[in-house]
Amino acid sequence: MKISKFPNALVIMLGFILFAALLTYTIPSGEYERIPHPDHDYETVVPGSYQSVSAQPVSIIRTLMSIPEGIIGRADLIVLILLVGGAFYVIDKTGAFKEAVVFLTAKLKGKEELALVAVGLAFATGGVLSGLQEEIIAMTPVLIYFTSRLGYDVFVAVSVSFGAAVIGSAFSPVNPFAVVIAQDLAQLPFLSGSDFRLVVLFLAFSLWMLLTIRYANRNRIEKTIPDQDEPVQMSTPSMVIMALVAAAFALLVYGMLYRDWGFNEITAEFFLLGMVCGLIGNLGVNGTSESFVQGVREMSFAALIMGLANSISIVLKEGLIIDSIIYGLFLPMQYLPAGLSAVSMMISQALLHFPVPSYSGQAVLTMPILAPLSDLLGLSRQVCVLAYQYGAPTMDLLVPTNGALMAIIALAGIPFHKWFRFAIIPTLFILVLGALALLAAIVLGL
């Protein structure tokens, strides 16, 4: 009997939307009271205010409506994916990426492991500073070409880019979308506990890269054979283009950290970059625009996946069951010893990341509840924040409700079940490291 093909990313997303709707029929609805944050533009949860409420389960019609609503709700991110993808496609058409890859792989011959570490460090730094994820989508084809020239498969390309960025995001002392929000909600000073976080970040990144390189060396592929006429040296236009690309990423980090940039500013920057690079690369006005349109077309599926991931959250919120899930996960912790409570808190944050794929949103939902709870449990609020960090962002490596992950593996041609099989063991190692770090933080009195 022929085994049916595993569902693709679109089918998985639609399946999770339907599953979320079914949960609204089985999980009792309830909610916490929310009040505006005094300093920021979001609401926080009032601890101890959970109560059951009456709510209608999400109907089939409303479930279907959540699909376009989810896409519309992530319009800024979808536009970023389409326009940044178009810009990178233009740059690729100039030949600059190919020349840069040929040049680098020629220089790194015999030093392939060092190349993987260097790429992983660059993306981990992006995760540490700005929670880099969605921006990787447009770079995926170039990364795959780069690793194939080194003799590594697509899993390695995703692992040293997206995987390293997730590790950086999860263990960062300064990620504005994770630790900064969580510490603010827990009423902790900015950068408090940074020394400890930096040590654990180094350990986590080293462990992730060690496991990635171990897999890479055990699963080598034939290196992509260079064409005989491929130049080893980069042309002047290509060097100028790559310098502009590097400057654009430096400006992106500066803008996000110091100018409060959002997706619109990033999109505008890279759109301009693509247009300028197309002209420098001698594509001409028509050639640049045609390449841009083709790039947008290539990114359309990834953009659709991002919108569908948002639809899942819409269904859960409309059914008023997210707060019930939070209440059920964290209430039993009050009966556990301190160390076990901290580890259970991390595990619960990891599980909660399936229905709440935004870890910044998860911080807003959970930290106002967990910070007072940690006081009652005899845990410091710093440990409470660490449990959130090491649990929620780390699960971006696995959860199919994370649109960035699904878009990247779709572009890489990796079915989700194969990615899960590849990433599950390394992710479990990282979670164990996080649990040990929590216990160490308790012993150290952090």
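The values are calculated or read from the model by the stated rules, or taken from the named source; none is laboratory data. Everything numeric here is computed off the predicted structure, so don't read it as measured data. Note: ideal-geometry Cβ built from the backbone for every residue, glycine included; neighbour counts use all protein chains shown. The protein model used for the area step is the full one, side chains on, heavy atoms only, and it has no ligands, DNA or RNA in it. Shrake-Rupley method; radii C 1.70, N 1.55, O 1.52, S 1.80 Å.
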_Can you list residue pairs whose Cβ atoms sit under 9 Å apart, with the first residue in the stretch 420-446 being without any contact (Cβ under 8 Å) to a residue 40 or more places away in the chain and the second being of a type in the set (Ser, Thr, Tyr) and crowded, with 21+ Cβ neighbours inside 10 Å? Count only pairs 6 or more apart in sequence or on different chains._
THR427/THR394
*How about the stretch 101-132: which of its residues are open to solvent by 10 Å² or more (accessible area, probe 1.4 Å) and polar (S, T, N, Q)?*
THR105, THR125
*Can you confirm whether the stretch 321-331 contains a residue that is in a helix (DSSP H, G or I), in contact (Cβ under 8 Å) with a residue 60 or more places away in the chain, closer than 30 Å to SER380 by Cβ and aromatic (Phe, Trp, Tyr)?*
yes
_Can you pull out every residue in the stretch 15-41 that is of a type in the set (Ser, Thr, Tyr) and surrounded by 14 or more Cβ atoms within 10 Å (Cβ to Cβ)?_
THR24, SER29, TYR32
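Here is a yes/no grid of residues against (1) open to solvent by 30 Å² or more (accessible area, probe 1.4 Å); (2) aromatic (Phe, Trp, Tyr); (3) in a helix (DSSP H, G or I):
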site: GLN334; (1), (2), (3): yes, no, yes
site: SER341; (1), (2), (3): no, no, yes
site: MET345; (1), (2), (3): no, no, yes
site: PHE354; (1), (2), (3): yes, yes, no
site: PRO357; (1), (2), (3): no, no, no
site: PRO372; (1), (2), (3): yes, no, yes
*Of all residues in the stretch 268-286 being outside any helix (DSSP H, G or I) and open to solvent by less than 80 Å² (accessible area, probe 1.4 Å), which is nearest to ALA246 (Cα to Cα)?*
GLY281
*Any residue at all in the stretch 253-268 that is under 17 Å from ILE137 (Cα atoms), charged (D, E, K, R) and at pLDDT 85 or above?*
no
*ILE409: assigned to a helix (DSSP H, G or I), open to solvent by less than 10 Å² (accessible area, probe 1.4 Å) and within 28 Å of ALA75 (Cβ to Cβ), yes or no?*
yes
_Looking for something open to solvent by 10 Å² or more (accessible area, probe 1.4 Å), within 15 Å of MET13 (Cβ to Cβ) and in a helix (DSSP H, G or I) - is there at least one such residue anywhere in the stretch 423-433?_
no
*From the residues in the stretch 375-394 that are surrounded by fewer than 24 Cβ atoms within 10 Å (Cβ to Cβ) and in a helix (DSSP H, G or I), which one is modelled with the lowest pLDDT?*
LEU376
*Examine the stretch 186-199 for a residue that is of a type in the set (D, E, K, R) and farther than 24 Å from ILE221 by Cα, and state whether such a residue exists.*
yes
*asked:* With the requirement that a residue be closer than 14 Å to SER348 by Cα and not small (Gly, Ala, Ser), what does the stretch 359-372 give you?
replied: TYR359, GLN362, LEU365, THR366, MET367, ILE369, LEU370
*asked:* Whether any residue in the stretch 61-79 is open to solvent by less than 40 Å² (accessible area, probe 1.4 Å), part of a helix (DSSP H, G or I) and hydroxyl-bearing (Ser, Thr, Tyr) is what I want to check.
replied: yes
*Those residues of the stretch 89-109 which are at pLDDT 85 or above and assigned to a loop (DSSP other than H, G, I, E, B), in sequence order*: THR94, GLY95
*asked:* One residue is enough: does the stretch 26-34 have a residue meeting the conditions closer than 30 Å to ARG297 by Cα, of a type in the set (S, T, N, Q) and outside any helix (DSSP H, G or I)?
replied: no
*asked:* What pairs come out if I take residues in the stretch 77-100 that are of a type in the set (Asp, Glu) and pair them with residues that are modelled with pLDDT of 85 or more and open to solvent by less than 20 Å² (accessible area, probe 1.4 Å) whose C-beta lies under 7 Å away, six or more apart or interchain?
replied: GLU99/SER238
_Here is a list: PHE190, PHE177. Which entry is open to solvent by 60 Å² or more (accessible area, probe 1.4 Å), at pLDDT below 95 and under 18 Å from GLN349 (Cβ atoms)?_
PHE177
*Does ALA118 satisfy the criteria of being free of Cβ contacts under 8 Å to residues at least 12 places away in the same chain and among the hydrophobic types (A, V, I, L, M, F, W, C)?*
yes
